[in-house]
Amino acid sequence: MASAIKLQDILAYLGRFAPWELAEPWDNVGLMIGSPGQEVTGVLIALDPTLQVLEEAIRHKINTILTHHPLIFHPLKSVNTATPTGQFLHRALQHDIAVISCHTNLDIIGNGVSDALACALDLRDTRPLQPTGGQPGQGFGKVGNLPAPMAGADFPRYAARCLRVEGLLIAGPPPATVATIAVCGGSGSDLAETAFKAGAQIYITAELKHSVARWAEESGLCILDGGHFATENLIIPRLVSLLTDFFQQNDNAAPVVAAQKQDNPLRFYISDNITP
């Protein structure tokens with residue numbers, strides 16, 4: 001009979017995949033709520049630790065939630081249960097639900113967030129955009145090549161389809177032909193110049209700053225802003241597969257379930273009142 005999987009086992013396994021020590025000094029990763037000795041009945045995986053995700057875990061009697069974005073990012077001065085964070089903490093503790101977060105450590109590893117974004121775009125021969133962590137393949141973002149060059153004017157439509165988004169924000173002029181792409185899942189506005197120097201003809205990221213958009217316009221680099229959710233949520237299936245393999249390796253039947261109902265919190269609104 002297989003031994004019970006405990007929270008400390010999950011933490012150790014995730015730490016081998018995305019070492020906790022790789023996280024940026026300002027970040028907060030690892031165990032947010034729970035006891036390392038707690039037995040795991042299942043893991044619900046989501047990008048964001050929302051009340052909706054928590055309620056789904058409660059309904060399915062899953063006592064562990066794994067998210068990319070940390071539940072507790074800034075130090076808490078109080079736990080006000082009238083706020084979403086306070087409600088989450090209160091409900092999670094009531095139901096003995098543990099919360100783990102893999103944030104910048106999952107961004108930095110070679111098989112992490114930006115690699116999932118690069119794979120979605122079918123980029124080949126990828127390398128880190130900004131190497132860090134001291135190990136080959138580690139760093140923020142990726143630079144790679146398309147399987148074959150395509151018209152720059154066609155690439156935004158291709159990228160939107162790969163990211164499953166309604167639209168993209170575009171800064172700078174699309175090149176006549178594009179072959180080399182740089183990507184950074186999440187807030188990668190500050191790496192635009194790095195992408196330019198790396199030889200990227202188009203850079204895909206999220207939360208593009210106005211000043212960087214102006215710089216792109218004048219420097220000739222085309223930047224696509226695909227949104228934070230769309231450029232990072234691609235890692236969720238990879239985490240589901242990772243944890244499923246872990247349970248199977250340990251002959252444990254605990255279910256691993258992705259939070260399929262979590263959608264992008266931002267939506268496009270197209271106004272019909274725009275005048276020239």
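Here are a few things to note about the model shown:
- Summed over qualifying helices (DSSP H, 4 residues or more, each -39500 (n - 2.57)) and divided by its residue number, the chain shows a 222 nm mean residue ellipticity of -9000 deg cm²/dmol.
- DSSP assigns beta bridges within the chain; of those with both partners inside it, close to 50 percent run antiparallel.
- Looking at the stretch 1-97, the trypsin sites (Lys or Arg not before Pro) that sit in a DSSP loop and have at most 15 other Cβ atoms within 10 Å of their own Cβ are Lys61, Lys77.
- With bins 5 Å wide beginning at 0, the percent of Cα pairs of the stretch 101-155 falling in each bin runs 5, 21, 27, 20, 13, 8, 5, 1.
- Filter on Lys6/Lys261; Lys77/Lys142; Lys209/Lys261; Lys61/Lys142; Lys142/Lys261 - keep pairs with C-alpha separation over 32 Å: Lys77/Lys142; Lys61/Lys142
- Taking only the C-alpha atoms of the stretch 110-226, the Rg (one decimal) and the largest Cα-Cα distance, Dmax (whole number), read 12.8, 38 Å.
- Inter-probe distance in nm under a simple model that places probes 7 Å from Cα toward Cβ, at Lys77 and His210: 2.9 nm
- Neighbour net charge for Thr180 - beta-carbon separation under 14 angstrom, K R +1, D E -1: +2
- Mean-position separation - Cα centroids, the stretch 190-249 and the stretch 64-94, in angstrom: 27 Å
- Between Thr67, Thr50, Thr104, the GNM of the chain built on Cα springs shorter than 10 angstrom shows Thr50 fluctuating the most.
- Whole-Å semi-axes of the ellipsoid equivalent to the stretch 1-155 (Cα gyration tensor, √5λ, descending): 33, 18, 16
- Placing R0 at 35 angstrom, the Cβ-Cβ distance between Trp20 and Asp272 gives a FRET efficiency of 0.10 after rounding to 0.05.
- Computed over the Cα atoms of the chain, pair by distinct pair, the Kirkwood hydrodynamic radius stands at 19.9 angstrom.
- D_trans [Stokes-Einstein, Kirkwood Rh over alpha-carbon pairs] for the stretch 170-244, 4 °C, 1.567 mPa s, µm² s⁻¹: 101 µm²/s
Any read-out appearing in this document is the output of simple, stated calculations on the displayed coordinates, not a laboratory observation. Worth saying up front: this structure is predicted, and the values here are computed from it rather than measured. Cβ sites come from the backbone with ideal geometry, for glycine too, and all protein chains shown count toward neighbours.
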